[in-house]
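For reference, the structure is listed below as C-alpha cells.
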Amino acid sequence: MKEEVKILAIESSCDETAAAVVVNGRDVRSNIISSQIDLHTIYGGVVPEIASRKHVENINYVIQEALDTAHMTLDDLDAVAVTYGPGLVGALLVGVAEAKAISYGKNLPLIGVHHIEGHISANYIENKDLEPPYICLVVSGGHSHLVKVSDYGEYEVLGRTRDDAAGEAFDKVARAIGLGYPGGPKIDKVSKMGNPHAISFPRANIADHPYDFSFSGLKSAVLNYLNQCEMKGESYNQADVAASFQQAVVDVLTEHARMAVEETGMKKLAIAGGVASNSALRQAMKDMCEKNHIDFYYPSPILCTDNAAMIGAAAYYEFLKGVRHGLDLNAIPNLKLGER
C-alpha cells in the first residue's frame, strides 16, 4: 500500500456542487463548495431541475479549483470518489457522470460513496483519535438516522425517521413563522432571543421502535398553534415559537442518542449532518455526554453541511477494503445505508 492515498472526491447530491482532495482519509488538502442557496431561496426550497443545471455549469470549475488548491493534477491521484445516493437523482447523475469520465480518462479506481456514510465520516477529519465502534446521530434536511458504527463501512441503523426528517421540519416551521429558507440556521439564530419553554409542543415517541423519529406531529402542532392565534386574532412571539419548536426537536434527538449509547454499551457518540451544526443541539449533546461520561465528537459546521471532504474520508476506508465500482455505476436516489 502506498504511503499516501490521494483521492479526488465529488459531491452533488442536492444543491451544493463540491469537490475535495483528501489524503489518507483525514488530511484534507482542499474542500471547495459552490452553494446554490441564493438561487433556491426565492422558491422556499430546493428546485431539483435548477439544482441539476447548476451542477452541470459548476462542476468542472469546482474540481479544477479543488485540484489547484491542493497543488495537484489528475495525474497525482490514486482514486476518484463520488456520492451515488441517496439524493436528487438529476443532481447525483451529474457527479456520477463526471467521476466516471475522470476514472475512465485517467484509468483511476472509481469508488461510489453513500451520502450518509460521508456525513458519518466527516467526524474523522478533525477528530484524529475517533475510531469505531461508536454511535452516530445523523440529522439533516433529508435524513434522521441513529447508527451503530461497528467498523469502517459497517453500519447498523438503529432508528430512522418515520416521516419528516429533522431538517425538513426546521424548513417547514421556519417558512410558517416567516423566516424563510434555509430554515435551520434562521431558527437557530432567532431562538437565541426566545424562551424555549414558552410553548409546550409534543415530543413523539414510537412505542414499538423507541429509536425511530417522527417530527410531522410536532410540525403540525406548530402550524395548529399559529392557526389558533390567527383565528383568535392574537399575535405570537416568533422567537418563542422558534425556540420552543427547536427545544422539542433537540430533546427528542438527545434522548434517543442517550438511550442508544446506554443500551449498546458504547462510550462514544458522534453527530453529523446539517442539523448537527445547530448550537442548541450541540450544547444539549455536550451536556448529556458530560453527565453520562460519554466521549462526544462533532465536525465543524462547514463539515456538517454537504461537502466533498467527507466523501473523500469515507472513500479512503472503502479503498483500503478493495471496494471498486465499474463504469456501470449509477445514481440511486433512495439508496439505503449499508447497501452496495
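The values are calculated or read from the model by the stated rules, or taken from the named source; none is laboratory data. If you're wondering where the values come from, they're calculated on a predicted model, not measured in any experiment. Don't worry about glycine lacking a Cβ; one is built from the backbone with ideal geometry, like all the others, and counts go over all protein chains shown.
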Filter the stretch 282-340 for residues that are over 25 Å from Glu154 (Cβ atoms) and under 14 Å from the mean Cα position of the chain (by Cα); which is surrounded by the most Cβ atoms within 10 Å (Cβ to Cβ)? Thr305
From the residues in the stretch 16-50 that are hydroxyl-bearing (Ser, Thr, Tyr) and out of contact with any Asp or Glu (no Cβ under 9 Å at 6 or more places or on another chain), which one is surrounded by the most Cβ atoms within 10 Å (Cβ to Cβ)? Thr41
Find all pairs meeting these conditions: Cβ atoms under 6 angstrom apart; at least six residues apart or on different chains; first residue within the stretch 70-96 and touching a residue at least 24 places away in the same chain (Cβ under 8 Å) and within 16 Å of Ser121 (Cβ to Cβ); second residue among the hydrophobic types (A, V, I, L, M, F, W, C) and assigned to a helix (DSSP H, G or I). Ala79/Phe319; Ala81/Ile311; Ala81/Ala315; Val82/Val96; Val82/Ala99; Thr83/Ile311; Tyr84/Val96
Looking at Ala270, Ala308, Ala313, can you tell me which residue is among the small types (Gly, Ala, Ser), in contact with a Lys or Arg (Cβ under 9 Å, 6 or more places away or on another chain) and modelled with pLDDT of 95 or more? Ala313
Residue in the stretch 231-248 that is assigned to a helix (DSSP H, G or I), surrounded by fewer than 18 Cβ atoms within 10 Å (Cβ to Cβ) and in contact with a Gly (Cβ under 9 Å, 6 or more places away or on another chain) present: yes
Any residue at all in the stretch 214-229 that's part of a loop (DSSP other than H, G, I, E, B), assigned by TED's automatic domain parsing to the domain that holds Thr254 and over 19 Å from Val261 (Cβ atoms)? yes
Select from the stretch 173-197 the residues that are surrounded by 15 or more Cβ atoms within 10 Å (Cβ to Cβ) and either of a type in the set (A, V, I, L, M) or in the same structural domain as Leu39 (by TED's automatic domain parsing) (or both) and list them in ascending order. Val173, Ala174, Ala176, Ile177, Leu179, Ile187, Val190
List pairs: first residue in the stretch 189-210 and touching a residue at least 40 places away in the same chain (Cβ under 8 Å), second residue in a loop (DSSP other than H, G, I, E, B) and acidic (Asp, Glu) anywhere in the structure, Cβ distance under 6 angstrom, at least six positions apart or on different chains. Ile206/Asp212
Flagged pairs (Cβ under 6 angstrom, 6 or more apart or on separate chains; first in the stretch 32-46, at positive phi; second in a helix (DSSP H, G or I) and surrounded by 15 or more Cβ atoms within 10 Å (Cβ to Cβ)) are Gly44/Arg175
Complete set of residues in the stretch 255-307 that are part of a helix (DSSP H, G or I), touching a helix residue (DSSP H, G or I) at 6+ places or on another chain (Cβ under 6 Å) and under 26 Å from Val46 (Cα atoms): Gly274, Val275, Ala276, Ser277, Ser279, Ala280, Leu281, Pro301, Leu303, Cys304
When you look at Tyr84, is it surrounded by fewer than 17 Cβ atoms within 10 Å (Cβ to Cβ), more than 27 Å from Gly180 (Cβ to Cβ) and either assigned by TED's automatic domain parsing to the domain that holds Ala174 or at pLDDT 95 or above (or both), yes or no? no
